[in-house]
1. Would you check if there is a residue in the range 448-458 being at pLDDT 85 or above and surrounded by fewer than 24 Cβ atoms within 10 Å (Cβ to Cβ)?
2. Which of the residues that make up the range 71-95 are free of Cβ contacts under 8 Å to residues at least 24 places away in the same chain and in contact with a helix residue (DSSP H, G or I) (Cβ under 7 Å, 6 or more places away or on another chain)?
3. Hey, any hits in the range 41-56 for a residue that's more than 30 Å from the chain's Cα centre (by Cα) and part of a helix (DSSP H, G or I)?
4. Criterion first (more than 30 Å from residue 342 (Cβ to Cβ) and either modelled with pLDDT of 90 or more or out of contact with any strand residue (DSSP E or B) (no Cβ under 8 Å at 6 or more places or on another chain) (or both)) does residue 59 satisfy it?
5. Would you point out which residue out of 270, 324, 249 is under 24 Å from the mean Cα position of the chain (by Cα) and either modelled with pLDDT under 80 or surrounded by fewer than 19 Cβ atoms within 10 Å (Cβ to Cβ) (or both)?
6. Kindly check whether there is at least one residue in the range 585-605 that is at pLDDT 85 or above, in a helix (DSSP H, G or I), closer than 30 Å to residue 247 by Cα and in contact with a helix residue (DSSP H, G or I) (Cβ under 8 Å, 6 or more places away or on another chain).
7. Can you tell me how many residues within the range 114-134 are in a loop (DSSP other than H, G, I, E, B) and either farther than 30 Å from residue 495 by Cα or touching a helix residue (DSSP H, G or I) at 6+ places or on another chain (Cβ under 7 Å) (or both)?
8. If you check residue 606 against the conditions, is it farther than 24 Å from residue 519 by Cα and either without any contact (Cβ under 8 Å) to a residue 12 or more places away in the chain or in the same structural domain as residue 310 (by TED's automatic domain parsing) (or both)?
């Protein structure tokens, strides 16, 4: 019974997304309230309380009460949207009761879906707004009563019904539908096979397959943790089977899945919110993130060098799909048609939501066309399409609930002024030192984002910490990219590194060494945000000469940093390796044509020395060193 209910609600939510993507959204409060009601109902069906326990009847009663609260509160807003927006009504006891019930439903479902940390943060925000008058010092404020909080949260479009829920109900929902349909019509397996063909036969091939596949999946999944759970079940066992150390396999998958959230052209769901907050087009956000995505080169280089040093195996030929099978029209054309529809919508000036619908439409049409040519049964064709629609509905539950909770927190931050207060305190501590302020902001971003999915983490740090950077003169887009990167990295940063926890569970290894491997592999990503502050041209600010210079310095930095972190032998002496690579890093971090040219020349010299060393070792002890390393380092 519960399975049918879940599928029915998911289909209803997916249908709402599809219809409003094609025809345009309803009036703002109607769209958001109906979306949130369906999201909460579906979430309660997916995450029931007390299943398999003796007190399940009590759980059913609580679930029914929460469901009724969601329907009544959301229905009230949908019916009374004109009065709410035009008259700005005073809160009545009934309004306060509905607000409290809806907030409890959102927080309880958040707890069931992702754990205690995020709902506790929201609860602290609500408590801070209520009790601010009792807090001494600069963090105190006059405090707000339940009536005023109800008017802010429920009877207007700045609280629960604010921008974040609006973006979730339109743009993000459309892209989740696009991703779900693409994966269910064969795109998922095509992504994996492409990754195998592109990277499988190079050193560390299985790890590179994980990087490519997880990057492709991550751009459409919207969640690093979900990405690990999806692609990791294929890539981690493959790496283990080929003799890769288990912590290394888990670390590779966690980093690759996280990187998909910050890699163009789609990025993760948080990029759509960034576009709304900054008032920029999504295309501008994607272009600004294009050059910083050179961190993927750093991950690739680190994997390549570690694989060579450890003698890690490539993927065997018999496990690689042929290029002929991967590039068959029925497999490739639907993906190209989907991306073509998406980019046509963007380049023709349509809204991002409409562009996503074009991608959905082209995916469905091309899939149906090839299925008909293959004489597939209509029942199977319809089943695939409906599965994509249902999967999109389910995929929106965590995103929708998290953004509703985050919207509550953002409303409390704006109402109490704590964001401005914290920004001023950070600037006061850091002075006018850009590096010191950025270091404090980056560290706080990692702490605030721990245990919270990427989208909610970005919303939190963007509200509280991005103003600290803009206050000392950083461009708003660069400030938001800075906190976006660190919020994303929180899922692989110890001690609360949830993406690493999931990957370690699949790899059946201790999470701590896996977290060490993930931090080493992702080391370049931790520095890329600081490169954005040094070279704004990486985000598209400045002339084309500035951009070329920034690219050269970024490439030199990423290459040297990857070599340093992978502990590859460049000169034969570790001390000289550190000195030489450290010199390249320092030169790459120093703006100017002379330093850029010097960094590239030193890097070329080190590479030539490394190649000579490899040739000499191969000539004197063929296979001996690699065999010893492989025997030592591939033990589980």
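The values are calculated or read from the model by the stated rules, or taken from the named source; none is laboratory data. What you are looking at is a predicted structure, and each value in this text was computed from that prediction instead of being measured. A quick note on method: Cβ atoms are made from the backbone with ideal geometry, for glycine too, and the neighbour counts reach across all protein chains shown.
1. For the range 448-458, residues at pLDDT 85 or above and surrounded by fewer than 24 Cβ atoms within 10 Å (Cβ to Cβ): absent.
2. Step one: of the range 71-95, the residues free of Cβ contacts under 8 Å to residues at least 24 places away in the same chain are 76, 79-80, 82-83, 86-87, 92-94.
Within the range 71-95, 76 is the sole residue that qualifies.
3. Start the filter on the range 41-56 by keeping residues that are more than 30 Å from the chain's Cα centre (by Cα), which leaves 50-56.
Then keep just the ones that are part of a helix (DSSP H, G or I); that gives 56.
Checking the range 41-56: at least one residue is more than 30 Å from the chain's Cα centre (by Cα) and part of a helix (DSSP H, G or I).
4. Working: more than 30 Å from residue 342 (Cβ to Cβ): yes; either modelled with pLDDT of 90 or more or out of contact with any strand residue (DSSP E or B) (no Cβ under 8 Å at 6 or more places or on another chain) (or both): yes.
Yes.
5. On the way: 324 fails: under 24 Å from the mean Cα position of the chain (by Cα); 249 fails: either modelled with pLDDT under 80 or surrounded by fewer than 19 Cβ atoms within 10 Å (Cβ to Cβ) (or both).
Answer to the selection: 270.
6. Checked the range 585-605: at least one residue is at pLDDT 85 or above, in a helix (DSSP H, G or I), closer than 30 Å to residue 247 by Cα and in contact with a helix residue (DSSP H, G or I) (Cβ under 8 Å, 6 or more places away or on another chain).
7. Residues of the range 114-134 in a loop (DSSP other than H, G, I, E, B): 115-116.
Next cut, either farther than 30 Å from residue 495 by Cα or touching a helix residue (DSSP H, G or I) at 6+ places or on another chain (Cβ under 7 Å) (or both) only: none.
Qualifying residue count for the region: 0.
8. no
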